[in-house]
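Trainee: First the structure, which I've put down as structure tokens, then a few questions once you've had a look.
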Amino acid sequence: MPSPDSVIAGCAMLTSACAFVDAARSRLVASLDRIVERDVRATPAPRRVVLVLNDEPGALLTMAHLLEPLGVPILTASTVAEARTALDRDRPCAIVADYYLGGGETCAALLRDRRPRTRAVIVTGAVDTARIATIAQGVGADLRDIPLDDADVDALVALVRSYLPPEAA
């Protein structure tokens, strides 16, 4: 059986270790808060603009038209290069992108590289949605089938509306 002095010494060491861990946690939280604050200052806020990416001209115009009820500017791009230019120039708060694009391209790299506060949804009519769902999750995007009826359109508009930052007062 341990002596009372060794029990007291053990308790004192445990108390000191707990205090040390708590102080280290506090320093880490403060450090992370400073990093996040710095990154927020360094990253301009996105604008109330939506970017639509689709390589099919008819589908591009249709999707842009379906999103008009949002009441915000809708930009269009038919290639990843055009979309990157729009992201840098216009800082949209949301991207609605077709997954498969012409020339064997996909929107995955574009969405992976987008600004942290730009939200995204991948729309697709592809049959391999399970594979695309994994990719969407990996790039932090929502996934929806191409809207085929009014309920699908309403759901997509509501989702993209949830991405919009509040209007400036």
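Trainee: Over the chain, with every protein chain in place, what whole percent of the accessible area is carbon and sulfur at 1.4 Å, could you tell me? Intermediate values should be presented prior to the final figure.
Mentor: On the way: 6130 of 10250 Å².
Roughly 60 percent of what the probe reaches on the chain is carbon or sulfur.
Trainee: Provide the descending list of Cα extents for the stretch 1-54 along its principal axes, expressed in whole angstroms.
Mentor: So the extents along the principal axes, rounded to whole Å, are 75, 25, 12.
Trainee: Over the chain, with a Gaussian network built from C-alpha contacts below 10 Å, which listed residue (Arg41, Arg27, Arg89) shows the highest mean-square fluctuation?
Mentor: Arg27
Trainee: Tell me the per residue accessible area of the stretch 87-169 using a 1.4 Å probe; a whole number in Å² is fine. Don't skip to the end; give the middle numbers.
Mentor: Details: 4500 Å² over 83 residues.
Counting only protein heavy atoms, the per-residue value for the stretch 87-169 is 54 Å².
Trainee: Test of understanding: what is the full-extension gain from Arg117 to Arg89, defined as 0.36 nm times their sequence separation minus their Cα-Cα distance? Let's see the in-between values first.
Mentor: Details: separation 28, 0.36 × 28 = 10.08 nm, distance 1.51 nm.
Here the answer is 8.6 nm.
Trainee: Still on this structure, please answer the following. Please give the Cα centre distance for the stretch 119-147 versus the stretch 17-80, rounded to the nearest Å.
Mentor: If we compute the Cα centre of each part, the gap is 17 Å.
Trainee: Taking 0.36 nm per intervening residue step and subtracting the Cα-Cα distance, what contour gain separates Ser6 from Arg34 on full extension?
Mentor: Details: separation 28, 0.36 × 28 = 10.08 nm, distance 4.20 nm.
Between Ser6 and Arg34, full extension yields 5.9 nm more.
Trainee: Still on this structure: For the chain, modelled as a Gaussian network with Cα springs under 10 Å, which listed residue fluctuates most, Leu14, Leu28, Leu159?
Mentor: Leu14
Trainee: Taking the solvent-accessible surface of protein heavy atoms with a 1.4 Å probe, what is the per residue accessible area of the stretch 1-72 in Å²?
Mentor: Working: 5100 Å² over 72 residues.
I get 71 Å² per residue for the stretch 1-72.
The values are calculated or read from the model by the stated rules, or taken from the named source; none is laboratory data. Only a predicted model underlies this, so the values are computations on that prediction, with no experimental measurement involved. Protein only, heavy atoms only, side chains kept; ligands, DNA and RNA dropped before computing areas. Shrake-Rupley method; radii C 1.70, N 1.55, O 1.52, S 1.80 Å.
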